[in-house]
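Novice: Let me begin by handing over the structure; questions about it come next.
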Amino acid sequence: MKLADKIMNLRKQKGMSQEELANVFDISRQAVFKWESGEAIPDIEKLKKMASYFNVSLDVLLDDKKDLSYNTYNGSKKTYRDVYVSDVNLDPEQADIDHDYINNGKARKDKYDVNQVFKDNLIRFETVTNASQYSKVIYLQPDLLCYFFIDDNNKTFGFVFDDAEQFVCPFENFIDMNANHTASGGFRGTSGENDMHTLTISYYDKDGNANSYDIQVQSAVRVYIFNNVLDKSPNVKAYCAQIRRTTLNNIAEIQNALNLLKANLANKPLTNLPAIDVLTKNEAVKRGQNDKQVRIAKIEEATAQLKKKKRRKWIIIIAIIIVVLIIIGVVANLLPQGETPPNA
């Protein structure tokens with residue numbers, strides 16, 4: 001691997017732009033561009049600083065026969081376990097509650113009680129994660145059934161959503177995490193924030209090549225807010241701001257957990273590591289699909305009960321109106337009739 005490719009690879013591992021790397025080395029962005037295109041080579045002092053900054057040995061940088069998997073100061077090649085990445089992508093515009101609404105249009109149309117759904121999901125968070133046997137769990141958002149986990153037994157971390165592990169990375173493969181937040185202003189014609197949060201996990205694959213995994217979520221786009229909360233609460237902006245604050249806090253907590261993991265890994269090399277069991281993930285997907293059907297069925301049942309209540313309400317109202325009309329008619333008949341005026 002050429003020096004130019006190594007510099008580009010190391011920069012991307014940290015989620016940095018050419019301009020950000022230029023600021024670290026107090027040079028122009030054009031200089032970084034020339035390094036990465038092979039038009040120029042950093043001087044020896046810059047190379048030393050680069051080796052220290054990216055935590056690689058100088059001989060790895062300068063030796064084209066060595067790729068970045070030789071990322072140690074003793075020159076021996078590291079071995080890595082495989083990383084599990086599913087082909088399921090988290091939809092950043094939909095909360096988990098919304099997925100149930102989309103799969104069941106009746107519940108969405110009838111404006112099922114969002115507060116109860118929200119509470120049910122919070123209870124389900126505890127049920128799912130208590131049964132997961134993970135060492136640490138951090139929810140990505142308060143209403144999204146997606147969470148970050150650390151598994152000390154298997155020495156892995158990753159993300160679970162759609163009721164299955166969708167990204168599983170061994171501790172020793174971890175390089176860095178970069179979080180990016182982009183605000184786009186109002187949402188769907190109302191005032192408030194509609195932020196996109198992007199988490200990028202860079203890691204080494206089993207061959208020692210650097211790779212990355214992205215997960216994206218939005219703060220304020222929530223179908224159920226506009227179907228239910230908007231027409232009942234004057235403070236939707238505050239509700240969305242709460243989601244945004246919680247999301248930012250949780251992402252910061254994930255970042256801190258990974259920084260601590262990386263620091264601990266540097267002090268204590270891992271040994272006797274188990275392989276990643278992909279079959280477990282496939283079984284988790286099946287369990288997740290079955291569980292989702294159960295949840296949809298529960299919402300359909302609750303919606304049917306809601307409809308019955310509405311029908312009973314209207315039947316009672318109509319019955320009351322009929323009784324009132326009957327009473328009015330009876331009373332009118334009992335009242336004395338007015339005398340007929342004499343003919344002129």
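Nothing in this text is a laboratory measurement; each read-out follows from the coordinates by a stated rule. No experiment lies behind these values; they were computed from the predicted model shown. Reconstructed Cβ throughout: ideal geometry from the backbone, glycine too, with neighbour counts over all protein chains shown.
Novice: Are there GluC sites (Glu not before Pro) in segment 13-59 that DSSP puts in a loop and that have at most 13 other Cβ atoms within 10 Å, and which ones? Could the numbers behind the result be given before it?
Specialist: Numbers: sites: GLU19, GLU20, GLU36, GLU39, GLU45; in loops: GLU39.
The qualifying sites are GLU39.
Novice: Whole Å is fine, so just give me how far the alpha carbon centre of segment 9-72 lies from that of segment 136-179.
Specialist: Rounded to whole Å, the Cα centres lie 29 Å apart.
Novice: Net charge near ASN180: determine it from the other residues with C-beta under 11 Å of the C-beta of ASN180, scoring Lys and Arg +1 and Asp and Glu -1.
Specialist: Once positives and negatives cancel, what remains is -2.
Novice: Just add up the charged neighbours of ILE7: K/R +1, D/E -1, any other residue whose Cβ is under 11 Å from the Cβ of ILE7.
Specialist: On the way: positive: LYS2, LYS6, ARG11, LYS12, LYS34, LYS46; negative: ASP5, GLU36.
Counting the neighbours of ILE7, the net charge comes to +4.
Novice: By counting other Cβ atoms within 10 Å of each Cβ, how are MET177, MET1 ranked from fewest to most?
Specialist: Fewest-to-most ranking of MET177, MET1: MET1, MET177.
Novice: Ranked from highest to lowest mean number of other Cβ atoms within 10 Å per residue, what is the order of the peptides 242-253, 164-175, 6-17? Don't skip to the answer; put the middle values down first.
Specialist: On the way: 242-253: 16.4, 164-175: 22.1, 6-17: 19.1.
Descending packing order for the listed peptides: 164-175, 6-17, 242-253.
Novice: Does segment 3-62 come out rounded, prolate or oblate by the C-alpha gyration tensor, with a ≥ b ≥ c the root eigenvalues, rounded set by a/c under 1.5 and, if not, prolate when a/b is larger than b/c and oblate if not?
Specialist: It is rounded, given that a/c, with a ≥ b ≥ c, falls under 1.5.
Novice: For the residues ASP87, ASP195, ASP59, what sequence is obtained by ranking on other C-beta atoms within 10 Å, fewest first?
Specialist: Ascending number of Cβ neighbours within 10 Å: ASP87, ASP59, ASP195.
Novice: Filter LYS6/LYS49; LYS12/LYS155; LYS14/LYS49 down to the pairs with a C-alpha to C-alpha distance above 23 Å, please.
Specialist: From LYS6/LYS49; LYS12/LYS155; LYS14/LYS49, over 23 Å: LYS12/LYS155.
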